[in-house]
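Coordinate-derived values only; no laboratory data. As the structure is a prediction and not an experimental result, all values here were calculated from the model. Cβ placement follows ideal geometry from the backbone for every residue including glycine, while neighbour counts extend to all protein chains displayed.
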Amino acid sequence: MPLTLPPFMKQLHQQFRNLILTVVDFFYPLFKKIMPLQTFRYAACGGFNTLLDITLFFTAYTYLFHGEALHPLPNLLPNLIVSAHIAAFLISFSITFPVGFYFSRYVVFQETSGSKVTQLTKYIFVVSICIMLNYGFLKIFIEVFKWHALVAKLFTTMLVVSFSYISQKHFTFKTVADD
């Protein structure tokens, strides 16, 4: 049986979605000549979510973990060490994942084929690949190339966002016309 929201939650969702669309679409005329509306919405929503991700990453890395490795389960797994940049990534991801799905599903790719469950499953799949890419690039850029964590995060984000947009547009939230 599908999950149904109470009427006040549906109304809150519609108001929130309409507010986001109003704000984003207000700026679209400035970009109308260089990109379609859907691409602009993806850039705006993705840009906000990316800024949120980088802010959370930086805050967790710098102020929560102080750039130092963690021993999260010293009594249970004394040899388990989690680097500060991976711990910060996990914290930022736990917040930006649901925000990103909401934006993608209800703001950017509104005219999609497929059920929400199917789209969420595909979204999780694509995001899983993005996690692996994030993890791999952060490890390489920080531990091999010795880049500063924030610089590595910014460069990683540019690479992963490009992959994500193409995947979400043509796989997760594709329309019947894309078939």
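Report, to the nearest 10°, how far helix 37-59 tilts away from the longest principal axis of the Cα atoms in the chain, using its own Cα long axis and a range of 0 to 90°.
In the chain, helix 37-59 runs at an angle near 20 degrees to the longest axis.
Along the charge dipole of segment 41-144, which of 144, 115, 46 sits closest to the positive end, that is, farthest toward it, with unit charges on the beta carbon of Lys, Arg, Asp and Glu (+1, +1, -1, -1)?
Among 144, 115, 46, the one farthest towards the positive end of the dipole of segment 41-144 is 115.
In whole Hz, with x marking every Gly and Pro, tabulate ³J(HN,Hα) for segment 164-172 from phi via Karplus 6.51 cos²θ - 1.76 cosθ + 1.60, θ = phi - 60°.
With coefficients 6.51, -1.76 and 1.60, one gets 4, 4, 4, 5, 5, 5, 9, 10, 5 Hz.
How large is Rg over Rh for segment 1-100, taking Rg from the Cα atoms and Rh as the Kirkwood inverse mean of 1/r across Cα pairs?
Using Cα coordinates only, the ratio equals 1.16.
Treating cross-link reach as a plain straight distance, find the lysines whose alpha-carbon is under 28 Å from the alpha-carbon of residue 116, omitting any fewer than eight places away in the same chain.
The reachable lysines, counting only those whose Cα sits under 28 Å from residue 116, are 10, 169, 174.
Sorted by mean Cβ packing within 10 Å, highest first, what order do the peptides 120-127, 39-46 take?
39-46, 120-127
Average the reciprocal distances over every distinct pair of alpha-carbons in the chain, invert the result, and give the Kirkwood radius in Å.
18.1
For the chain, with only Lys/Arg (+1) and Asp/Glu (-1) charged at the beta-carbon, what is the dipole magnitude about the Cα centre, in debye rounded to 20?
Dipole magnitude for the chain comes out near 320 debye.
To one decimal place, what orientation-averaged projected area in nm² is obtained for the convex hull of the Cα set of segment 70-172?
On the way: hull surface 30.5 nm².
About 7.6 nm², averaged over all directions.
Using 7 Å Cα-to-Cβ label points, what is the residue 146/residue 159 separation (nm, one decimal)?
Output for this residue pair reads 2.0 nm.
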